[in-house]
Amino acid sequence: MNQKKILILGALGQIGSPLTQKLRQIYGNELVIASDIKHDKNNRLTDGPFELIDATNYQQILNSIKRHNVDTVYLMAAMLSATSEKHPEKAWNLNLSSLLNILNLAKAGYVKTIFWPSSIAVFGPTTPKENVPQQTLMEPTSVYGISKAAGEDWCAYYHNNFGVDVRSLRYPGIISWQSLPGGGTTDYAVDIFHKAVKGQPFSCFLEARTKLPMMYIDDALEATIKIMNCAPKKLTVRTSYNLSAISFTPEEIFNSIRSYYPLFSIEYHPDFRQSIADSWPNSINDFQARKDWGWEPKFNLQELTKAMIEHLKL
Ligand code: SER
């Protein structure tokens, strides 16, 4: 009854949903409280507790934390890059007020450990394109990137001034089959699989040559669980850790998929998301994550392609 529990905000999202399932496998269904702003039409995550929580509402989160004896929060609610460009103030409000709510709850002693994802979107045109070091010039130009970069600084501030144990990763584009992404620039690399398995042609909103850092969902979950299980004194980065697995272009992933579907076809129709993608780096150096908590990705492009097709064609 007194066992400490985990609360996931944004549990129906692209990463929140498989993360909830993974944490339930590890800790047991009853110890992992899933929450989102709306109910799930598809009735996923019904194997454990689910609550309606608006991550921008401090009191709603606090009530749930008290009710369930929560000590760890994963804040996965966010507006992604493409949608954020269309709704800048809403994006700022959701991405930052939810974070400040959780940081303040931890400062007040209601939460012990926080996970908050950052992104490669914190980097900008003045950042080196290749092998971006942990500490570098950032200057993001997208609304989403600005919110994540500010969020990183808030995390470090609450850690340094109030001892808040907040842990963060700069996720690259995440490729998952469990749920559709919404409103990201790297999402083409998920949509492309859905079209391929349905035997439909793919219209890509990025140019063929646009190389971006990417990662298969299993690697992203592994990294998340690893950093959360690490002894706090080993963590030397309290903004957010660089995290890397693979980098590829739309043309490269198309060719990889075509080895399974030889008739698959692609057309390129770049839109406003091209300039967001162009402002981000091609590849990331994650030396510090490897050194501090033993990070090591497992999936390359071929393995990712195989895993996605195997899961989606069922
Ligand atoms: N996948 C995200 C996006 O495209 C990047 O963090 O918005």
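The values are calculated or read from the model by the stated rules, or taken from the named source; none is laboratory data. All of these numbers come straight from a predicted model, not from anything done at the bench. Backbone-built Cβ (ideal geometry, glycine too); neighbour counts: all protein chains shown. We work out accessible area using only protein heavy atoms, side chains counted, and drop any ligands, DNA or RNA first. Shrake-Rupley method; radii C 1.70, N 1.55, O 1.52, S 1.80 Å.
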Inset, instruction - Check whether at least one residue in the stretch 113-133 is under 24 Å from Ala11 (Cα atoms), modelled with pLDDT of 95 or more and away from the ligand (no atom under 16 Å from the Cβ), and report yes or no. - result: yes
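Going by what's in this entry, would Ile102 be described as under 18 Å from Tyr157 (Cα atoms) and aliphatic (A, V, I, L, M)?
On the way: under 18 Å from Tyr157 (Cα atoms): yes; aliphatic (A, V, I, L, M): yes.
Yes, satisfied.
If we keep just the residues of the stretch 134-172 that are among the hydroxyl-bearing types (Ser, Thr, Tyr) and open to solvent by 60 Å² or more (accessible area, probe 1.4 Å), which is farthest from Asp278 (Cα to Cα)? Explain how you work it out, then say what you get.
The initial filter retains those residues of the stretch 134-172 that are among the hydroxyl-bearing types (Ser, Thr, Tyr), namely 136, 141-142, 144, 147, 157-158, 168, 171.
Still in the list and also open to solvent by 60 Å² or more (accessible area, probe 1.4 Å): 141, 157.
Numbers: Thr141: 10, Tyr157: 30 Å.
Filtering first and then ranking leaves Tyr157.
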Inset, instruction - Take the residues in the stretch 255-312 that are in a loop (DSSP other than H, G, I, E, B) and among the aromatic types (Phe, Trp, Tyr), then tell me which one is nearest to Ala223 (Cα to Cα). - result: Trp295
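Working only within the stretch 23-53, note down all residues that are more than 18 Å from Leu180 (Cβ to Cβ) and out of contact with any strand residue (DSSP E or B) (no Cβ under 6 Å at 6 or more places or on another chain). Step through it out loud before you land on a result.
We begin by selecting, within the stretch 23-53, every residue more than 18 Å from Leu180 (Cβ to Cβ); these are 23-33, 35, 46-53.
Passing the criteria: Gln25, Ile26, Tyr27, Gly28, Asn29, Glu30, Thr46, Asp47, Leu52.
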Legend entry - Selection count, the stretch 225-247, where residues are of a type outside the set (Val, Ile, Thr), open to solvent by 30 Å² or more (accessible area, probe 1.4 Å) and either at pLDDT below 95 or more than 17 Å from the chain's Cα centre (by Cα) (or both): 5
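Return a yes/no flag: does the stretch 187-204 have any residue that is part of a loop (DSSP other than H, G, I, E, B), within 11 Å of the ligand (Cβ to nearest atom) and crowded, with 24+ Cβ neighbours inside 10 Å. Even if it seems obvious, please write down each step before you answer.
In the first step, residues of the stretch 187-204 are kept if they are part of a loop (DSSP other than H, G, I, E, B); the result is 187, 198-201.
Subset that is within 11 Å of the ligand (Cβ to nearest atom): 187.
So of that shortlist, the ones also crowded, with 24+ Cβ neighbours inside 10 Å come out as none.
No: zero hits.
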Inset, instruction - Could you look through the stretch 122-133, keep only residues that are of a type outside the set (S, T, N, Q) and surrounded by 15 or more Cβ atoms within 10 Å (Cβ to Cβ), and pick out the one that is nearest to Asp292 (Cα to Cα)? - result: Val132
Legend entry - Residue list for the stretch 61-87, restricted to those being in a loop (DSSP other than H, G, I, E, B) and crowded, with 17+ Cβ neighbours inside 10 Å: Met76, Ala77, Ala78, Met79, Leu80
Legend entry - Which numbered condition Tyr158 misses (of (1) closer than 30 Å to Ile309 by Cα; (2) more than 16 Å from the ligand (Cβ to nearest atom)): (1)
Legend entry - Lys148 vs. criteria touching a helix residue (DSSP H, G or I) at 6+ places or on another chain (Cβ under 9 Å), over 19 Å from Pro213 (Cβ atoms) and basic (Lys, Arg): no
Inset, instruction - Tally the residues that are hydrophobic (A, V, I, L, M, F, W, C) and surrounded by fewer than 14 Cβ atoms within 10 Å (Cβ to Cβ), restricting the search to the stretch 28-60. - result: 1
Inset, instruction - Given the conditions (1) open to solvent by 10 Å² or more (accessible area, probe 1.4 Å); (2) in a helix (DSSP H, G or I); (3) among the small types (Gly, Ala, Ser); (4) farther than 25 Å from Phe287 by Cβ, report the number of the one that Gly109 does not fulfil. - result: (2)
Legend entry - Residue satisfying all of: in the stretch 205-224; in a helix (DSSP H, G or I) and touching a helix residue (DSSP H, G or I) at 6+ places or on another chain (Cβ under 7 Å); surrounded by the fewest Cβ atoms within 10 Å (Cβ to Cβ) among these: Leu221
Inset, instruction - Output the qualifying pairs, or none if there are none: Cβ atoms under 9 angstrom, residues six or more apart or on different chains, first residue in the stretch 154-180 and under 20 Å from Val73 (Cα atoms), second residue of a type in the set (D, E, K, R) and within 16 Å of the ligand (Cβ to nearest atom). - result: Ser168/Glu152; Arg170/Lys148; Arg170/Glu152; Arg170/Asp286
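Rundown of residues vs (1) open to solvent by less than 80 Å² (accessible area, probe 1.4 Å); (2) away from the ligand (no atom under 16 Å from the Cβ), yes/no style:
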| site | (1), (2) |
| --- | --- |
| Thr249 | yes, no |
| Arg258 | no, yes |
| Tyr268 | yes, yes |
| Ala277 | yes, no |
| Ala289 | yes, yes |
| Gln302 | no, yes |
Inset, instruction - Evaluate the following for Ser97: is it open to solvent by less than 40 Å² (accessible area, probe 1.4 Å), within 14 Å of the ligand (Cβ to nearest atom), polar (S, T, N, Q) and not in a loop (DSSP other than H, G, I, E, B)? - result: no
